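A short worksheet on the structure shown next.
Coordinate-derived values only; no laboratory data. This is a predicted model, so every value here is computed, not measured. Because the Cβ atoms are built from the backbone with ideal geometry, glycine has one as well, and the counts that use them run over all protein chains shown.
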Amino acid sequence: MLMRHYLVRFEKFPIDKRSVRAGQNSPEVVTACRCINVGLFLSGSLRQDVAVSIAIGVPDDLIVISFLGKSLRRVSPEERSISFFLLKSIEKAQNLKIDDMFTMDNGIELIRASNEKILELWASEIIQVPSSNPERYILDTNLSADRIENKP
């Protein structure tokens with residue numbers, strides 16, 4: 001089965017327990033929650049062939065939180081639920097060393113690595129990276145990490 005993998009990157013990602021509990025998330029958190037919701041959830045079901053990854057940080061030290069439709073458990077499409085899991089994931093990932101990976105008990109995968117290492121790990125996949133432009137950027141498996149080809 002061909003899997004679609006969407007990657008959304010944030011340099012800063014302001015999130016804390018108080019704002020998550022109050023439902024007053026930062027614009028970055030709201031955007032991430034909506035990307036996960038739209039990418040993964042159907043009416044009453046999950047898309048099994050989709051992964052949505054949220055990358056946070058600078059290119060040399062990224063925390064990547066991947067919501068994989070095929071293995072995700074106990075996550076609902078509500079913003080509060082997703083933001084809670086983002087908060088817990090970030091807390092756990094901050095304790096990882098560079099180039100470490102961890103899978104949480106709900107199926108969320110965490111990676112802490114450089115941009116190059118992440119692209120190397122995902123080399124067998126087609127990664128769709130949304131941008132602020134109306135055009136879509138696709139990283140083809142035949143391209144190196146420094147060659148992203150623009151495909152309309």
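Things worth noting here:
- Residue list for region 50-74, restricted to those being among the acidic types (Asp, Glu) and surrounded by 12 or more Cβ atoms within 10 Å (Cβ to Cβ): Asp61
- Residue match in region 18-29 (condition: part of a helix (DSSP H, G or I), surrounded by fewer than 20 Cβ atoms within 10 Å (Cβ to Cβ) and in contact with a helix residue (DSSP H, G or I) (Cβ under 6 Å, 6 or more places away or on another chain)): no
- Residue list for region 4-17, restricted to those being within 16 Å of Ile63 (Cα to Cα), surrounded by fewer than 16 Cβ atoms within 10 Å (Cβ to Cβ) and either of a type in the set (A, V, I, L, M, F, W, C) or touching an Asp or Glu at 6+ places or on another chain (Cβ under 8 Å) (or both): Lys12, Pro14
- Within region 59-83, the set of residues being within 18 Å of Val8 (Cα to Cα) and of a type in the set (Gly, Ala, Ser) comprises Ser66, Gly69, Ser83.
- Leading residue by the ranking (surrounded by the most Cβ atoms within 10 Å (Cβ to Cβ)) among those in region 103-119 that are touching a Lys or Arg at 6+ places or on another chain (Cβ under 9 Å) and among the polar types (S, T, N, Q): Asn115
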